[in-house]
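The values are calculated or read from the model by the stated rules, or taken from the named source; none is laboratory data. Owing to the predicted nature of the structure, the values given are computational and were not obtained by experimental measurement. In this analysis, Cβ positions are derived from the backbone assuming ideal geometry, glycine residues included, and neighbour counts consider all displayed protein chains.
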Amino acid sequence: MEFSYFIYQLIIGLSYSMLLFLIASGLTIIFGLLNIPNFAHGSLYMLGAYFTYYFLKSIPGLPFGLAIVFSVMAVGIIGAVLEFIPLRKIYERTHALQLLMTFSFILMIDDATKYFAGTDFLSIAIPKLMDGAITLPGDREMPIYSIFIILCGLVVAYLLWLGLYKTRLGKLIQAGTANKEMLSALGINVPRLFTLVFILGAILAGMAGGLSGPLKAVSVGMGETVIITIFAIVIVGGVGSLKGAFIASILIGELNTFGVVFFPDFAMAFTYILVIVVLLTKPEGLFRSR
């Protein structure tokens, strides 16, 4: 492999990794604090893509960034409704019941999307400011939009780190991940904290969906294709660990990218192998939060 091609694939893989991180960071925080495996998290990612498409289509001249902002607000509201009405009633139930209920959300959201948006594959144009490429050594062209996604992922990772480790709310989330009963004993409104965390997770998933729109077709079911990879990231990184989600997203994103290049028929197998190895050697994940 030429070195220039290696660098090209490395950057493409990092771009993919940042999209995975945006989704996985929200899920790992939700799973860590609420202790609920939300299989519908991928559907929130899908809704982010659809909302971005329809905001851009419905409001001529709307900047791409504002479409993303409007989309994450819409997805955040949907996330709040999901948490406040059905999910809050099953926090103390078994994971099997939680999985069944969140899986039913996937079916309902998919059917609602088909009803309102149809089943056609939709596409979002790359914003004009980023519709170009820079030339890498070896005359390989790297899309500017891919670099933009990397920057977005790094900025969000930094902001999440500040929020979780440098603010009172973040410290409450960390404390709740370790011991929710202690927070209740201290007089903290735990249900409200749960709602805020779920909204944050929904916003991150919606943002990833909107950003992925110019890179892949917006379609019903796109959330299901990514959610297994996201759960793999959470398992490898460690439930509730932001650092773990970041590192695992890069590992799995690059593994998948180079796997497609060298072993296209077995690319996803490498992700599952990594999950198995981590479960056998470090069942709590690479970075434990509890």
Residue satisfying all of: in the range 53-81; hydroxyl-bearing (Ser, Thr, Tyr) and touching a residue at least 40 places away in the same chain (Cβ under 8 Å); nearest to Val156 (Cα to Cα) among these: Ser71
Would you check which residues across the range 107-123 are outside any loop (DSSP other than H, G, I, E, B), free of Cβ contacts under 8 Å to residues at least 24 places away in the same chain and of a type outside the set (Ser, Thr, Tyr) and list them? Leu107, Met108, Asp111, Ala112, Phe116
For the range 82-102, pairs from a residue that is within 20 Å of Lys180 (Cβ to Cβ) to a residue that is surrounded by fewer than 13 Cβ atoms within 10 Å (Cβ to Cβ) and modelled with pLDDT of 85 or more, with Cβ under 8 Å and 6 or more apart or across chains, are Ile90/Leu97
Would the range 45-59 turn up any residue that is modelled with pLDDT under 95, of a type outside the set (Asp, Glu) and crowded, with 20+ Cβ neighbours inside 10 Å? no
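The rows are residues; the columns are (1) part of a helix (DSSP H, G or I); (2) closer than 30 Å to Phe64 by Cα.
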residue	(1), (2)
Lys171	yes, no
Leu183	yes, no
Ile188	no, no
Leu196	yes, yes
Somewhere in the range 81-94, is a residue in a helix (DSSP H, G or I), within 18 Å of the chain's Cα centre (by Cα) and surrounded by 14 or more Cβ atoms within 10 Å (Cβ to Cβ)? yes
On the given criteria, is Tyr158 of a type outside the set (Asp, Glu) and modelled with pLDDT of 95 or more? yes
Which is touching a helix residue (DSSP H, G or I) at 6+ places or on another chain (Cβ under 8 Å), surrounded by fewer than 16 Cβ atoms within 10 Å (Cβ to Cβ) and part of a helix (DSSP H, G or I), of Val261, Val275? Val261
In the set Ile68, Ile78, Ile106, the lone residue that is closer than 20 Å to Gly206 by Cα, in contact with an Asp or Glu (Cβ under 9 Å, 6 or more places away or on another chain) and surrounded by 12 or more Cβ atoms within 10 Å (Cβ to Cβ) is Ile106
Do we find a residue being among the aliphatic types (A, V, I, L, M) and over 30 Å from Gln174 (Cβ atoms) anywhere in the range 40-48? no
Sole exception among (1) at pLDDT below 95; (2) within 22 Å of Pro191 (Cβ to Cβ) for Ile77, by number: (1)
Unmet requirement for Lys171, which otherwise passes all of (1) closer than 18 Å to Asn38 by Cα; (2) without any contact (Cβ under 8 Å) to a residue 40 or more places away in the chain; (3) in contact with a Phe, Trp or Tyr (Cβ under 9 Å, 6 or more places away or on another chain): (1)
Hey, does the range 111-132 have a residue that's surrounded by 13 or more Cβ atoms within 10 Å (Cβ to Cβ), at pLDDT 90 or above and touching a Pro at 6+ places or on another chain (Cβ under 6 Å)? yes
Please work out if Phe246 is aromatic (Phe, Trp, Tyr), touching a residue at least 60 places away in the same chain (Cβ under 8 Å), in a helix (DSSP H, G or I) and over 21 Å from Gly13 (Cβ atoms). no
Out of the range 117-147, which residues are hydrophobic (A, V, I, L, M, F, W, C) and under 24 Å from the mean Cα position of the chain (by Cα)? Ala117, Phe121, Leu122, Ile124, Ala125, Ile126, Met130, Met142, Ile144, Ile147
Within the range 1-30, considering residues that are among the aromatic types (Phe, Trp, Tyr) and in contact with a helix residue (DSSP H, G or I) (Cβ under 6 Å, 6 or more places away or on another chain), the one farthest from His95 (Cα to Cα): Tyr16
